Amino acid sequence: MIRKERAILALEDGTVYRGYAFGHRGETVGEVVFNTSMTGYQEIMTDPSYNGQIVTITYPHVGNYGVAIYDMESNKPYVRGFISREFSAEYSNHRAQQSLEAFMQQYGVVSIQGIDTRALVRRLRTGGVVKGVIAHRSFTHPEDPYGEFTPAEEQVYVSRALGHQDIDGHDMTREVTTALPYAFPTLRHGKRVVLMDFGIKHTIIERLAEVGIEPIVVPAHTTPAQIMALQPHGLFLSNGPGDPAPLEYAHKTAWELMGLLPTFGICLGHQILGLAAGGRTFKMKFGHRGGNQPVKNLLTGNVEITSQNHGYAVDIESIPNGAFVPTHVNLNDGTLEGMAHARYPVFSVQYHPEASPGPHDSRYLFDRFIEEIDAFDGGSGTPVAKANSGRLGV
Ligand SMILES: NC(=O)CC[C@H](N)C(=O)O
């Protein structure tokens, strides 16, 4: 019989799931969320938007194609922990350099397997996301990693989950944004666009470069004056972790630049635009995370199957004076998935059109951005402050 090292997942509501240790041996705490993607575990782990969260993958078998350098969405995993019904110890893939467990051990990702992930997800869907702790028995009892935790020990982990700081109301972007600006010398022929990095994914930069954009990535705290000094043709507001409401510095920057540059926001960037315009965001019960979220494009009537990862949403009704109009809605729950400014070439989506991982239905948004940039400066290469009134007929 193979003896497996024990681990538990203890939730703040008192529920304890007993399973087996995987990845880096230790303890971890975070907000427990779930993602329904069937592939893309490496992209999910390295998406900085998951900073502070423990991710449950609903797909029951994870790791069998290993980890490849090409699939990094940032410089390291940002998930605080990973949960699956079963992790594969073996992998087989000509692109892979490493097993999932070796990757987790290299970067300190504490994980658990062998728990009933269907029961866990039902709990999160019913009661909403909760904080939780993954604890490996080998960490506290190296002499006997195969034994069970006692009920009293389990309660200590429940209390630790309960006492952990909520993600809500805190700036989670400062831990993930780039310290210094960077550009891509080889791409110096495109339209220069400043990418505000709140936790940007590499594939977004690639998709922007593909449509003829020269990306210049800047730290989240870059001021409007510093951005304009780079003489950009456009502005991009990235995805990122945590609650968008406390990021007041970012709302201010987006507000000051609104109308000066064609602007595209994805996910956290979309939420920042809503807040900049005076609107409100709210926390969803369990969010949208996965690769098959149906979204209706209100401008074309088309339905897109989208990749998503968010726990907050913009309340479009709260934006004063109809400054933004809805362009996309989620067909599962009717929440806002995209909007465009009524007068300026400023638009955003709550979902992830770069889709890494996910279906490619929404790539047209990158073409739309370069079209807005071309239309705005008329090919002169100089950003002009002008209100594009009458756009969208509003
Ligand atoms: N992917 C993202 O940018 C997520 C945005 C935000 N952190 C949310 O959860 O809603």
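Every number here is computed from the coordinates shown, using simple stated rules; none is lab data. Computed from a predicted model, the values in this text were never measured in an experiment. All Cβ positions, glycine included, derive from the backbone under ideal geometry; neighbour counts span all protein chains shown.
Helix 248-257 and the long axis of the chain differ in direction by around 20°, with both axes built from C-alpha atoms. Per residue, the Cα convex hull of region 122-207 amounts to 229 Å³. Rounded to the nearest 10 degrees, the inclination of helix 117-127 to the longest alpha-carbon principal axis of the chain is 60 degrees. Comparing mean-square fluctuations of T178, T28, T126 from a GNM of the chain with C-alpha springs under 10 Å, the top value falls on T126. Summarising the amide proton neighbourhood of F324: residues at separation of 5 or more, or on other chains, whose placed amide H is nearer than 5 Å comprise A342. Considering only Cα atoms, the convex hull volume of region 28-185 works out to 146 Å³ per residue. Note on the chain: antiparallel DSSP beta bridges, both residues inside, total approximately 60 percent of the bridges counted. Hey, in the GNM for the chain with a 10 angstrom Cα cutoff, which one of N51, N297, N332 fluctuates hardest? Checking each option, the largest mean-square fluctuation is seen for N332. Here the peptides 145-158, 8-21 are ranked by packing, the mean other Cβ count within 10 Å, and the order with the highest first is 8-21, 145-158. Compared with the direct C-alpha span, the chain from M38 to E317 gains 97.0 nm at full extension, assuming 0.36 nm per residue.
Highest mean first, the peptides 108-121, 318-331 sorted by other C-beta atoms within 10 Å per residue fall in the order 108-121, 318-331.
Our coupling estimate for region 359-365, obtained by passing each phi through the Karplus curve with A = 6.51, B = -1.76, C = 1.60 and θ = phi - 60°, is x, 9, 4, 9, 5, 4, 5 Hz, Gly and Pro reported as x. Rounded to the nearest 10 degrees, the inclination of helix 151-163 to the longest alpha-carbon principal axis of the chain is 10 degrees.
Its relative contact order, with pairs defined as Cα atoms under 8 Å and 6+ residues apart, puts region 207-363 at 22 percent. Taking every alpha-carbon pair under 8 Å whose residues sit at least 6 apart, the chain reaches a relative contact order of 15 percent. Straight-distance candidates among the lysines for linking to K252, with alpha-carbon spacing under 24 Å and chain neighbours fewer than 8 residues away dropped: K201, K283, K386.
From most to least packed by mean Cβ count within 10 Å, the peptides 284-292, 80-88 give 80-88, 284-292. Taking N as the residue count of the chain, its C-alpha radius of gyration divided by 2.2 N^0.38 Å amounts to 1.02.
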